[in-house]
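Undergrad: Please find one structure pasted underneath; my questions will follow.
The values are calculated or read from the model by the stated rules, or taken from the named source; none is laboratory data. A quick note: this is a predicted structure, and the numbers were derived from the prediction, not measured. Cβ placement follows ideal geometry from the backbone for every residue including glycine, while neighbour counts extend to all protein chains displayed. The accessibility values were calculated without ligands, DNA or RNA, using every heavy atom of the protein model including side chains. Shrake-Rupley method; radii C 1.70, N 1.55, O 1.52, S 1.80 Å.
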Amino acid sequence: MSFERLAELLFPDVERDAEYYERLYPPRKLPEGAKVTRLAPSPTGFIHLGNLYGALTDERLAHQSGGVFFLRIEDTDAKREVPNGTELIRSSLRSFGLNFDEGALEGGDRGDYGPYRQRQRAQIYHTFAKKLVLEGKAYPCFCSEEELAEMRAEQEREKVNFGYYGKWAKYRDLPAEEAECRIRAGQPYVLRFRSEGDPSHYLHLTDQIRGKIDMPENDQDFVLLKSDGIPTYHFAHVVDDHLMRVTHVVRGEEWLATWPIHVQLFAALGWKCPKYCHTAHLMKAEGSGKRKLSKRKDPELALSFYREDGYPAESVREYLMTLLNSNFEEWRLANPAADIDGFRFALSKMGISGALFDLDKLRDVSKNVVAAMPAQQVYDAVAEWAKEYDRPFYDLLTADPAYALRVLSIGRGGKKPRKDIALWSDVKPYMSLFYDELFTREEPMPQGFDASLVKKALSLFCETYDEHDTQEQWFAKVKAVASALGFAPEVKQYKQSPESYPGHVGDVSMFLRIALTGRSSSPDMYEIMQILGRERTLARLNGCPV
């Protein structure tokens, strides 16, 4: 039985040849050096930090070079798909500022290299599977689950590598007539690649992140099409990446072991390999060591965690960039106000050992990012977050946007902006002192001062308070209260002779701060009083229990 007859028997519905698809999807017309990258998740609805980590690499490579970044959905495993899984992926990535140029987008595919959903590409895969059969590079395998289990048990007893190869490749050399009989009888089969690899020979590969890597050739007759005609990941991604003209494949280091398979398959199909970039795992400190972030153990692996807790998307991107490129922090110090897209991302600056992900460091980065935002941007982002996750706070914010903006503007801008906010969920406790519905007294007055003295200080200030005072006039009155009570009007004076005074002007300021805000740390008191207004300011100072 000829290869042609076998190919026709296996693929009677394939009418087009490989050249048809080569013409249909020609090389892209892009500037020299432009990169084409893709994100290709399964529509499970779960997209994690590792996906975002890789997607940022994809996006930067494409967009910094004038190339194309597209979304392909690998939906061949229907059992794993969840309703709206693809939209959940798109919306998650969109919320972190990742935008695709083409692919499986809202409203349908956009771009000239689709379909961008693998389930819609069955005819394409079958066309190239038929090509491999025609060339004697693929064959039907009729192994049952029982036969495969028996084979594995024998390999275990003999202490050899597991897999379908060599003498274990039972149906590799099945006579053509017998194969035809089995097919016509309706016996289930998979289509396997006929490997000519020799593991004693080494491939000399170059990873764009890790440099030169020597790996043994693949000798496994791996599956191309499953018994239902659905392609495996190995086969589908090779066909898709070639026809979609991908130049750089970014994926996790867990795929390194399969690289020789993909190199072999590209060569068998007569195609040039894209460049591969295997990223390091995201790690987490544990005890004296570190481990890979786990979906089961670590809620922070899910992107939904950051949305729910109110991590600004800009902060997450900023922090991930510090993990992706070793020189990013140095660039940020030199360019504190620059847009992150101004940073020149480079594969050569990516690490090859696991990147340590630290939520505390992310919070620190986020404080800097939020501090640099204008008040309107902060307000808009907080309102959007609160609308979904804290509706009562959303109602307060949006009842008087101008008031909320005044609060958020305190200490914003200038060379040393305040850094009170790391997450959008921090904003409610930060702003609570400005809303009577939320205000609570969180801290007591400083120890070591008689209650009557504290009460007198508050009373004297209330007698002289004028909301029309400038900040200088306001503070002069605070100093006058201190002097009237025998406190040092300057901290420097107190330090020179502490035994001469019961306290200093800073202590009087603290009495006022705690009475006014209920806490020992707060934004500028003069600004707070201006925003609260005379009536509410005096009510808090006079009504403070001492």
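Undergrad: In region 517-539, how many are open to solvent by less than 20 Å² (accessible area, probe 1.4 Å) and without any contact (Cβ under 8 Å) to a residue 60 or more places away in the chain?
TA: Adding up the residues that qualify gives 1.
Undergrad: Same structure again: Name every residue in region 71-88 that is among the hydroxyl-bearing types (S, T, Y) and either touching a strand residue (DSSP E or B) at 6+ places or on another chain (Cβ under 6 Å) or part of a strand (DSSP E or B) (or both), in order of residue number. Full working, then the answer.
TA: As a first pass, look at region 71-88 and keep what is among the hydroxyl-bearing types (S, T, Y): 76, 86.
Listed by number, the list holds a single entry, T86.
Undergrad: Looking at this structure, is Y20 hydroxyl-bearing (S, T, Y), surrounded by fewer than 13 Cβ atoms within 10 Å (Cβ to Cβ) and more than 19 Å from Y233 (Cα to Cα)? Show your work before the answer.
TA: Details: hydroxyl-bearing (S, T, Y): yes; surrounded by fewer than 13 Cβ atoms within 10 Å (Cβ to Cβ): yes; more than 19 Å from Y233 (Cα to Cα): yes.
It is true that Y20 is hydroxyl-bearing (S, T, Y), surrounded by fewer than 13 Cβ atoms within 10 Å (Cβ to Cβ) and more than 19 Å from Y233 (Cα to Cα).
Undergrad: Which members of region 56-76 meet the condition of being free of Cβ contacts under 8 Å to residues at least 60 places away in the same chain and out of contact with any Phe, Trp or Tyr (no Cβ under 7 Å at 6 or more places or on another chain)?
TA: S65, G66, V68, D75, listed by residue number.
Undergrad: Step by step: first the residues of region 428-442, then only those that are open to solvent by less than 60 Å² (accessible area, probe 1.4 Å) and part of a loop (DSSP other than H, G, I, E, B), then the one that is farthest from T537 (Cα to Cα). Which residue is that? Spell out the reasoning first.
TA: The initial filter retains those residues of region 428-442 that are open to solvent by less than 60 Å² (accessible area, probe 1.4 Å), namely 430-435, 438-439.
When the remaining residues are screened for being part of a loop (DSSP other than H, G, I, E, B), the result is 435, 438-439.
Working: Y435: 12, L438: 16, F439: 13 Å.
Among them, the one singled out is L438.
Undergrad: Additional query: Scan region 92-122 residue by residue and report those that are under 19 Å from the mean Cα position of the chain (by Cα), of a type in the set (S, T, N, Q) and assigned to a helix (DSSP H, G or I).
TA: S92, S95
Undergrad: If P498 satisfies all but one of (1) at pLDDT below 95; (2) in contact with an Asp or Glu (Cβ under 7 Å, 6 or more places away or on another chain), what's the number of the condition it fails?
TA: (2)
Undergrad: For residues in region 338-357 being charged (D, E, K, R) and either at pLDDT 95 or above or part of a helix (DSSP H, G or I) (or both), which is nearest to the chain's Cα centre (by Cα)?
TA: Among residues in region 338-357 that are charged (D, E, K, R) and either at pLDDT 95 or above or part of a helix (DSSP H, G or I) (or both), the one nearest to the chain's Cα centre (by Cα) is D341.
Undergrad: Pick from F475, F511: which is surrounded by fewer than 17 Cβ atoms within 10 Å (Cβ to Cβ) and either touching a residue at least 40 places away in the same chain (Cβ under 8 Å) or among the basic types (K, R) (or both)? I'd like the intermediate steps shown before the answer.
TA: On the way: F511 fails: surrounded by fewer than 17 Cβ atoms within 10 Å (Cβ to Cβ).
After applying the criteria, what remains is F475.
Undergrad: I'm checking my understanding of the structure. Among residues of region 205-215 that are assigned to a strand (DSSP E or B) and in contact with a strand residue (DSSP E or B) (Cβ under 6 Å, 6 or more places away or on another chain), which one is nearest to T258 (Cα to Cα)?
TA: Here the answer is M215.
Undergrad: If you take the residues in region 313-334 that are of a type in the set (S, T, N, Q), at pLDDT 95 or above and over 30 Å from K428 (Cα atoms), which one is surrounded by the most Cβ atoms within 10 Å (Cβ to Cβ)?
TA: Looking at the filtered set, the residue picked out is N325.
Undergrad: Still on this structure, I have one more. Out of A372, A338, A399, A381, which single residue is surrounded by fewer than 17 Cβ atoms within 10 Å (Cβ to Cβ), farther than 27 Å from K292 by Cα, in contact (Cβ under 8 Å) with a residue 24 or more places away in the chain and not polar (S, T, N, Q)?
TA: Within the list A372, A338, A399, A381, the selection yields A372.
Undergrad: Still on this structure: Out of the residues in region 108-164 meeting the condition of being within 18 Å of K226 (Cβ to Cβ) and among the polar types (S, T, N, Q), tell me which one is surrounded by the fewest Cβ atoms within 10 Å (Cβ to Cβ).
TA: It comes out as S144.
Undergrad: Right, here's the next one. When region 505-541 is examined, which residues are found to be modelled with pLDDT under 95 and either more than 22 Å from Q447 (Cβ to Cβ) or more than 48 Å from the chain's Cα centre (by Cα) (or both)?
TA: Hits for region 505-541 are P523, D524.
Undergrad: Specify the residue that is most open to solvent (accessible area, probe 1.4 Å); the eligible residues are those in region 342-365 that are over 20 Å from T279 (Cβ atoms) and among the acidic types (D, E).
TA: Looking at the filtered set, the residue picked out is D360.
Undergrad: Restricting to region 402-432, give me the number of residues that are in contact (Cβ under 8 Å) with a residue 60 or more places away in the chain and not aliphatic (A, V, I, L, M).
TA: 8
Undergrad: Count, please, the residues in region 161-203 that happen to be more than 19 Å from L134 (Cα to Cα), outside any helix (DSSP H, G or I) and among the charged types (D, E, K, R).
TA: Qualifying residue count, region 161-203: 2.
Undergrad: Contact list please: Cβ distance under 6 Å, first residue in region 2-31 and under 24 Å from D228 (Cα atoms), second residue part of a helix (DSSP H, G or I) and among the charged types (D, E, K, R), pairs at least six apart or on different chains.
TA: Note: pairs meeting the criteria are A7/K130; F11/K130; V14/K130; A18/K131.
Undergrad: Looking only at region 97-107, which residues are open to solvent by less than 50 Å² (accessible area, probe 1.4 Å) and touching a strand residue (DSSP E or B) at 6+ places or on another chain (Cβ under 6 Å)?
TA: First, the residues of region 97-107 that are open to solvent by less than 50 Å² (accessible area, probe 1.4 Å): 97-98, 100, 102-105.
Those that are open to solvent by less than 50 Å² (accessible area, probe 1.4 Å) and touching a strand residue (DSSP E or B) at 6+ places or on another chain (Cβ under 6 Å): F100, E102, G103, A104.
Undergrad: Kindly indicate whether P43 is over 29 Å from R251 (Cα atoms) and either of a type in the set (A, V, I, L, M) or part of a loop (DSSP other than H, G, I, E, B) (or both).
TA: When the stated conditions are applied, P43 does not pass them.
Let's see how each residue does on (1) open to solvent by less than 40 Å² (accessible area, probe 1.4 Å); (2) touching a Leu at 6+ places or on another chain (Cβ under 9 Å); (3) in a loop (DSSP other than H, G, I, E, B); (4) charged (D, E, K, R):
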| residue | (1), (2), (3), (4) |
| --- | --- |
| V14 | yes, no, yes, no |
| R28 | no, no, yes, yes |
| R38 | yes, yes, no, yes |
| Y53 | yes, yes, no, no |
| F69 | yes, yes, no, no |
| R90 | yes, yes, no, yes |
